[in-house]
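Report on the following structure.
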Amino acid sequence: MSALSDRLRALLGTASPDPFVACTTAGECLDLAYERAYTEDYAGAIRAAMLGLELAGDDLDTLLSLWGSLASIRHLGGDDDGARRAARARLSLLRAAGWDFQADMEEDLGALLFREASPEELPVLEAALITHETAGAPDHVLADIKLAFAVALHSYGSEGALDALEWCARAYREAGRAESEGGALLYLAHAHAKEGHHELALAAADRLLDLPLNRAMKAAVWMVKATTHAEADHRLEAEGCALRALELYAAAGVRKGAVSAAAGVAQAASEAADHEAAILAWKVAVEQAERGEIDETWAVRLALGHQLLEAGEFALAEDVLAPLAERLGAAGRPTARARTLVSLGHALRHQERLAEALRTWDEAAEVFVAAELNGEAARTLIAAGTLVSREESLAGARPRFERAVELAREAEDDPAALPTALHALGHALCEEHDPDGLGLLDEAISLADAHEAQWHSADFRDTHARGRWSLGDARGAIAEALEAADLFRVVEDPDAAGNAELFAAHVLAESGQWDEAASLYRLIAAEHADSVAHVNAAQNGLGDVLEKQGLYLQAEEARAAARAVVDNALEHAADTVVEAIGDDPDTEAGDAGTHDEDPHGEDPHDEAEDDEDPRDAEDPGGPADGRR
């Protein structure tokens, strides 16, 4: 059990105390108002701010922040009249305190300072900046205008916002407006992260953490650090930052933020093969989503099911996915239900429950068809057909592949579905010695070429070569296999290239072209010297050819070389070698490994792109700062 797992387990089942009980000062109420606003509990945020006003006494800075937060919160909640009243109350305080420059600017711009400006309003901000700068307003007052301008600019994709945000943060810091500085720095950190400026984003985030922040805002900063580290491929740092964000979000009751952070922890743990922690993180995400009554809780549950599948906990995955599929059906969400059924099918097949898995996938395909997602249906049928072909017979798989092709031809918005389905059916027909399979593979190749899908072009040609061999065309098989090998090299897949060459050498040997086969086996062993699997297969193949030529001593030397490469590798990485060469280094067609991770098409396990991703990071927004 890791320290990470311990911290995640501590979050599960933890009751959330009433946040108002701890609200005994105006400052605490102000922090709570921001936290409630982050959770979109605008009624609770207003209650906290009003309570703060009762406790603030004559603390001018806190009063100004509370009225500013009220203006923002009421606007976020759709109460623009209430937002204007709060802004006027703040304005009265500014006038009474003699802060005329700030008062003049806020009176000029009104509620525009407490929300994001539209493109049409940018000229208004530009004009106000010139007006108040000419009037002699200090930098920290001008920063309020420039911040609103910069935030809008960045929202519309302008890199020029970065300098403006940095200027605002500096102006606020020099004026001692820590709360406003924090708002500027948070936008700056997000802006740098969005532009891929990882070091600058992290630097801005670290400056933020030196300021007094409420829990929700502090969590948002840690989340910026987490996503930035993840994009920079700093997995351990990303995991630690996401965990800190999760703990803070959970404590503050910001459920959507907690789900996002938990998903980040789960992703990092999964990449490190820490399945226990990854599963716990998704469980935390599910619990937080349920507490927040988040609409997309089903997507978080589905992610937990996927994590259990990845961890090999197939029965537990079934326990999550089966009831989820039922709930989604009852809720009238057919597409989500179909995708859950696909994952459930995997859980069942890994428990050796073939018939149930096939029924589940067939049902998923029907639901996809009803939802007019024919490409998804085709892929699901390909997966089902592949399972049948492996466990039963190609003949039993053929109807599913044929139906997949029919559906894929109707999936105009999913162009990848048809070549995948044609590849599956073409391969199956060739294995049954049906020449129609070559025509289907030709069509798949043409589509892959037209879409410049180079790896698939190579892969489909490799399958076509094997189809020719199944139909007795040795010369065509050899030529196409070598062509496929060249194309695999173009897309930098040397292992697939080596497999194609091994197949060509196998066909040469079976066709009695022993000299040519021996030459090719030697070439493979030389060009793939770093691959234990390919050298082993090539040397064993060479030994068989030499033996057929009566060269017994040379044959034994080749076989000894095959054994030696494995023995040498075993001394350094036994587990790696076993995984690489599999149980039988002499594969049927001379391959060093499998021809394709799925010879009949893609596995439908992957979620569709249009699913909401529970890992999506929180928006930096929340309520605007109180302009203290």
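The values are calculated or read from the model by the stated rules, or taken from the named source; none is laboratory data. Just so we're clear, the structure is a prediction, and the values are computed from it rather than from any experiment. Virtual Cβ from ideal backbone geometry, glycine too; neighbours counted across all protein chains shown. What goes into the accessible areas is simple: the full protein's heavy atoms, side chains included, and nothing from ligands, DNA or RNA. Shrake-Rupley method; radii C 1.70, N 1.55, O 1.52, S 1.80 Å.
Do we find a residue being in contact (Cβ under 8 Å) with a residue 60 or more places away in the chain and closer than 24 Å to LEU542 by Cα anywhere in the stretch 484-495? Yes, there is a match, as at least one residue in the stretch 484-495 is in contact (Cβ under 8 Å) with a residue 60 or more places away in the chain and closer than 24 Å to LEU542 by Cα. If you go through the stretch 244-258 and pick out every residue that is under 19 Å from ASP274 (Cα atoms) and either under 16 Å from the mean Cα position of the chain (by Cα) or open to solvent by less than 10 Å² (accessible area, probe 1.4 Å) (or both), you end up with 1. Could you tell me how many of the residues in the stretch 433-445 are over 16 Å from ALA485 (Cα atoms) and assigned to a helix (DSSP H, G or I)? Count: 9. Scanning the stretch 308-341 for residues that are surrounded by fewer than 18 Cβ atoms within 10 Å (Cβ to Cβ), outside any helix (DSSP H, G or I) and not small (Gly, Ala, Ser) yields one hit, ARG333. Taking the stretch 197-230 as the search range and keeping residues that are more than 25 Å from LEU64 (Cβ to Cβ) and touching an Asp or Glu at 6+ places or on another chain (Cβ under 7 Å), which one is surrounded by the most Cβ atoms within 10 Å (Cβ to Cβ)? Filtering first and then ranking leaves MET223. Scan the stretch 431-445 for residues that are closer than 17 Å to PRO399 by Cβ and either open to solvent by less than 10 Å² (accessible area, probe 1.4 Å) or not aliphatic (A, V, I, L, M) (or both) and the total you get is 5. Quick check on ASP362: is it touching a helix residue (DSSP H, G or I) at 6+ places or on another chain (Cβ under 7 Å), open to solvent by 10 Å² or more (accessible area, probe 1.4 Å) and free of Cβ contacts under 8 Å to residues at least 12 places away in the same chain? Taking the combined requirement at face value, the residue does not satisfy it. Got at least one residue in the stretch 20-38 being in contact (Cβ under 8 Å) with a residue 40 or more places away in the chain and polar (S, T, N, Q)? So far as the stretch 20-38 goes, no, none of its residues is in contact (Cβ under 8 Å) with a residue 40 or more places away in the chain and polar (S, T, N, Q).
Is it the case, given these coordinates, that VAL320 is among the β-branched types (Val, Ile, Thr) and in contact (Cβ under 8 Å) with a residue 40 or more places away in the chain?
no
Is it the case that some residue within the stretch 2-16 is over 32 Å from the mean Cα position of the chain (by Cα) and either surrounded by fewer than 23 Cβ atoms within 10 Å (Cβ to Cβ) or assigned to a helix (DSSP H, G or I) (or both)? The answer is no, given that none of the residues of the stretch 2-16 is over 32 Å from the mean Cα position of the chain (by Cα) and either surrounded by fewer than 23 Cβ atoms within 10 Å (Cβ to Cβ) or assigned to a helix (DSSP H, G or I) (or both). Here ARG301 clears all of (1) in contact with a Gly (Cβ under 6 Å, 6 or more places away or on another chain); (2) open to solvent by 30 Å² or more (accessible area, probe 1.4 Å) except the condition numbered (1). Out of the stretch 151-194, which residues are assigned to a helix (DSSP H, G or I), more than 19 Å from THR227 (Cα to Cα), among the aromatic types (Phe, Trp, Tyr) and open to solvent by 50 Å² or more (accessible area, probe 1.4 Å)? Across the stretch 151-194, the qualifying residue is only TRP167.
GLU54 falls short of the stated requirement of being open to solvent by 20 Å² or more (accessible area, probe 1.4 Å) and under 38 Å from the mean Cα position of the chain (by Cα). The selection criterion, being open to solvent by 10 Å² or more (accessible area, probe 1.4 Å), over 21 Å from ARG349 (Cβ atoms) and part of a helix (DSSP H, G or I), holds for GLU406.
For the stretch 92-141, the candidate set comprises residues that are in a loop (DSSP other than H, G, I, E, B) and free of Cβ contacts under 8 Å to residues at least 24 places away in the same chain; within that set, the residue that is nearest to TYR156 (Cα to Cα) is TRP99.
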